[in-house]
Amino acid sequence: MAKALLVIDMLNDFLAADGALSIGDSTQIISNVAKRIDEWRAGGHPVIYIMDRHLPQDEEFNMFPPHCLAGEPGAEVVPELAPQEKELKIYKRRYSAFFGTDLDLTLRELGVTELELVGVCTQICVLYTAADARMLNYQVTVRKDCVASFDTQAHEFALKEMESTLGVKVI
């Protein structure tokens with residue numbers, strides 16, 4: 001059973017203190033995710049970066065301030081978690097990493113059936129990526145210490161929803 005780590009939106013606009021949608025103090029999640037990335041790399045498993053990348057006229061900006069604009073520094077992975085040369089990057093314009101991307105095709109070509117999700121924001125991109133992954137029959141694990149949000153209540157709700165409704169293994 002092949003597995004992959006999806007590093008979701010660990011981008012400057014979410015993690016930098018002055019980011020457009022900053023989660024606040026991101027020191028701990030960056031450190032925790034860095035450890036997971038190192039463990040996955042050491043195990044020889046794929047690490048795939050999922051990256052929010054919006055156009056200026058994106059409809060999402062009716063709900064959230066403009067963020068992660070294509071070509072802007074806010075849309076780049078924080079330096080502490082920089083992808084290695086051959087690691088894949090999947091760009092998305094919606095909450096789910098599967099919607100409108102070739103993520104499913106990429107995973108199937110790699111023989112992946114099991115995913116671990118890390119990143120931000122728990123109740124938005126992590127939750128909707130987990131939902132689509134489960135609809136596509138992937139086994140999904142989420143580590144509580146490797147996901148975060150700007151909204152603590154929504155974060156907790158999303159963890160419960162992933163576990164109780166989607167069958168995600170939350171540890």
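When PRO65 is tested against the conditions (1) of a type outside the set (Gly, Ala, Ser); (2) over 14 Å from the mean Cα position of the chain (by Cα); (3) exposed (fewer than 15 other Cβ atoms within 10 Å of the Cβ); (4) farther than 23 Å from THR152 by Cβ, the lone failure is (4). For ASP18, the conditions (1) crowded, with 20+ Cβ neighbours inside 10 Å; (2) farther than 27 Å from THR113 by Cβ all hold with the exception of (1).
Scanning segment 20-59 for residues being out of contact with any strand residue (DSSP E or B) (no Cβ under 8 Å at 6 or more places or on another chain) and not aliphatic (A, V, I, L, M) gives a total of 13. Taken over segment 32-71, the criterion of being touching a residue at least 12 places away in the same chain (Cβ under 8 Å), part of a loop (DSSP other than H, G, I, E, B) and not small (Gly, Ala, Ser) is satisfied by HIS45, PRO46, ARG53, LEU55, PRO56, ASP58, PHE64, PRO65, PRO66, HIS67, CYS68.
Candidates are the residues of segment 72-81 that are in contact (Cβ under 8 Å) with a residue 24 or more places away in the chain and assigned to a helix (DSSP H, G or I); the one that is farthest from the chain's Cα centre (by Cα) is PRO73.
A Cβ distance below 8 Å, combined with a sequence gap of six or more or placement on separate chains, defines the contacts here; from segment 133-156, residues that are touching a residue at least 12 places away in the same chain (Cβ under 8 Å) and farther than 22 Å from PHE14 by Cα reach residues that are of a type in the set (Gly, Ala, Ser) and part of a helix (DSSP H, G or I) in the pairs VAL140/ALA130; VAL140/ALA133. Considering the conditions (1) under 18 Å from ALA154 (Cβ atoms); (2) in a helix (DSSP H, G or I); (3) not acidic (Asp, Glu), ILE23 is excluded by exactly one of them, (2). Of the residues making up segment 9-20, those that are of a type in the set (A, V, I, L, M) and either part of a helix (DSSP H, G or I) or under 11 Å from VAL77 (Cβ atoms) (or both) number 3.
Rule-based calculations on the coordinates, nothing more; no lab input. Because the structure is predicted, anything quoted here is derived from the model rather than measured. Neighbour counts run over all protein chains shown; Cβ positions are idealised from the backbone, glycine included.
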